[in-house]
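Okay, so here's the structure we're looking at.
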Amino acid sequence: DTLAACDIGTTTVVCYLIDKETGQIISTRSGANPQRSFGADVLSRIDAAARADDNDKANGGLQMMQTQIVSLLNGWISEMLTECGRTKVSRFSVAGNTVMCHLLMGISPEKLGKAPFMPDEYFGREFNPLDIGLENCQTMIIFPAVSGFVGGDITAGMMETVNCNELTLYLDIGTNGEMALGKGDRYVCCATAAGPAFEGAQIELGMPASKGAVDKVWLEGRRIKYSVIGNDRPVGLCGSGLIDALAVLLKAGIIDENGTILSGQELPILFRSYVFEVEAEETAQSTESSLVVHIAPGVYITQDDIRKLQLAKGAIAAGIEVLFKEYGCKPCDLDILTFAGGFGNYIDKASAAAIGLFPQELLDKAKEVGNAAGNGAVSAALSQEAWKRALDISGNMRYIELASYPHFNEMYVEHMNF
């Protein structure tokens with residue numbers, strides 16, 4: 001008997017074929033989400049789904065995005081079945097954020113684009129794969145969403161990684177920072193629009209974690225050292241490199257607690273050679289000082305970049321503060337801090353704590369869990385018990401809408417500083 005599981009991410013889709021008897025993953029496929037042609041983030045896809053096509057029939061974009069993801073899954077499942085000498089999948093388990101699941105089922109995610117952001121469908125049940133044209137599958141289950149912006153990927157990841165007896169803070173940092181806190185039968189969760197800065201987007205020399213990206217930065221005596229993916233010539237900074245660089249600038253006293261690049265007498269003598277003034281028009285559309293800090297030959301960070309990173313980390317740190325407040329506990333009560341998702345694997349936890357992404361006292365409780373959503377989807381395909389646990393978690397989770405949370409903006413501004 002053959003099972004399948006899939007994690008449909010906004011950026012990347014991963015699919016697994018599983019042998020039911022042994023529980024082993026016998027084949028895997030992964031690749032870019034083809035819906036990226038409609039925009040890199042969920043909001044641009046909500047917009048695209050809401051726009052009607054030329055004939056003004058409802059939702060040309062919605063139909064196209066559904067067709068794209070269903071074709072991708074059909075192709076992969078059929079390839080994997082052939083490769084393993086199998087004919088059909090008896091149970092297909094899917095984890096994805098709320099928007100991705102709407103697009104898969106051909107349901108308009110339009111309501112998620114405006115307040116109060118209530119989805120039309122929360123999933124958490126069985127669907128007939130034939131209804132959406134998914135071949136070679138008998139039944140399909142889709143993980144339950146908790147809200148428009150805390151989806152089944154979070155439920156799946158928590159089911160897989162959270163031990164009911166240990167107070168856990170679950171962080172999934174991407175363009176949206178989704179997070180949850182709790183144990184046993186009580187959880188609180190929220191989502192912050194962290195923006196794509198941590199993924200290197202909208203940063204002057206930011207880039208994905210690929211060849212030529214500075215991925216680690218550290219201080220050695222009076223020098224800023226770095227490593228480059230592929231040991232290549234440095235061309236930019238990826239997310240982990242940006243967080244390291246920010247921590248280094250702070251430690252070296254190159255930026256102050258407001259994130260401002262220091263100059264002249266205020267700058268420590270040891271590091272003066274790293275700070276340069278550039279012509280204002282050289283940096284894209286800098287509104288502030290034209291000082292930049294060189295990290296590697298040809299690779300620098302601008303004042304504008306630092307502000308964007310402060311906004312992103314402020315949003316996440318403020319979200320964490322709200323969760324502790326709402327759960328009625330303090331950071332010192334926490335047993336485990338879990339980093340999920342691709343980004344969590346590469347980020348240096350000490351640098352993240354140094355810039356205030358999460359409370360410093362949680363550093364020794366932090367661990368990464370890789371693609372928790374994908375692993376959760378595999379578990380639920382294999383076991384009815386795992387699926388039930390996911391339903392329980394989502395049922396015991398209270399969502400907090402930060403946009404309307406009292407004093408959230410003040411907390412946010414406070415957390416932007418170091």
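The values are calculated or read from the model by the stated rules, or taken from the named source; none is laboratory data. All of these numbers come straight from a predicted model, not from anything done at the bench. When we count neighbours, we look across all protein chains shown, and the Cβ atoms used for this are built from the backbone with ideal geometry, even at glycine.
Tabulated data
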read-out: Region 1-24, residues that are of a type in the set (Val, Ile, Thr) and exposed (fewer than 15 other Cβ atoms within 10 Å of the Cβ); value: THR22
read-out: Any chance GLU126 is out of contact with any helix residue (DSSP H, G or I) (no Cβ under 8 Å at 6 or more places or on another chain) and at pLDDT 95 or above; value: yes
read-out: Residue among GLU220, GLU178, GLU204 that is within 30 Å of GLY152 (Cα to Cα) and charged (D, E, K, R); value: GLU178
read-out: Flag for VAL228 being of a type in the set (A, V, I, L, M) and touching a Pro at 6+ places or on another chain (Cβ under 7 Å); value: yes
read-out: Which listed residue, of ALA377, ALA352, ALA366, ALA372, is over 19 Å from MET100 (Cβ atoms), surrounded by 21 or more Cβ atoms within 10 Å (Cβ to Cβ) and within 18 Å of the chain's Cα centre (by Cα); value: ALA352
read-out: Residue in region 232-242 that is surrounded by fewer than 14 Cβ atoms within 10 Å (Cβ to Cβ) and either of a type in the set (Phe, Trp, Tyr) or within 20 Å of ALA213 (Cβ to Cβ) (or both) present; value: yes
read-out: Count - residues of region 1-38 that are charged (D, E, K, R), within 22 Å of ILE154 (Cβ to Cβ) and modelled with pLDDT under 95; value: 1
read-out: Matching residues, region 25-42, being small (Gly, Ala, Ser), surrounded by fewer than 18 Cβ atoms within 10 Å (Cβ to Cβ) and closer than 15 Å to CYS6 by Cα; value: SER30, GLY31, ALA32
read-out: Selection from region 197-230 of residues that are under 20 Å from ASN345 (Cβ atoms), of a type in the set (S, T, N, Q) and at pLDDT below 95; value: SER210
read-out: Of the criteria (1) modelled with pLDDT under 95; (2) at positive phi, which one GLY133 fails; value: (1)
read-out: Residue within region 134-154 that is closer than 27 Å to PHE324 by Cβ, among the hydrophobic types (A, V, I, L, M, F, W, C), touching a residue at least 12 places away in the same chain (Cβ under 8 Å) and not in a loop (DSSP other than H, G, I, E, B) present; value: yes
read-out: Unique match (being touching a helix residue (DSSP H, G or I) at 6+ places or on another chain (Cβ under 6 Å), assigned to a strand (DSSP E or B) and either on the phi > 0 side of the Ramachandran plot or not basic (Lys, Arg) (or both)) among SER108, SER93; value: SER93
read-out: Scan of region 99-135 for residues that are closer than 21 Å to LYS388 by Cβ, acidic (Asp, Glu) and either assigned by TED's automatic domain parsing to the domain that holds GLY395 or under 23 Å from the mean Cα position of the chain (by Cα) (or both), ordered by number; value: GLU121
read-out: Residues within region 207-227 that are crowded, with 20+ Cβ neighbours inside 10 Å and farther than 21 Å from VAL275 by Cα, tallied; value: 1
read-out: Some residue of region 58-75 being surrounded by fewer than 21 Cβ atoms within 10 Å (Cβ to Cβ) and part of a loop (DSSP other than H, G, I, E, B); value: yes
read-out: Residue satisfying all of: in region 45-57; among the small types (Gly, Ala, Ser) and at pLDDT 90 or above; nearest to ILE141 (Cα to Cα) among these; value: ALA49
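For every residue, the table says whether it meets (1) in contact with a Leu (Cβ under 8 Å, 6 or more places away or on another chain); (2) in contact (Cβ under 8 Å) with a residue 60 or more places away in the chain; (3) on the phi < 0 side of the Ramachandran plot.
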residue	(1), (2), (3)
ARG307	no, no, yes
GLY314	no, yes, yes
PHE324	yes, yes, yes
TYR327	yes, yes, yes
ALA340	yes, yes, yes
ASN345	no, no, yes
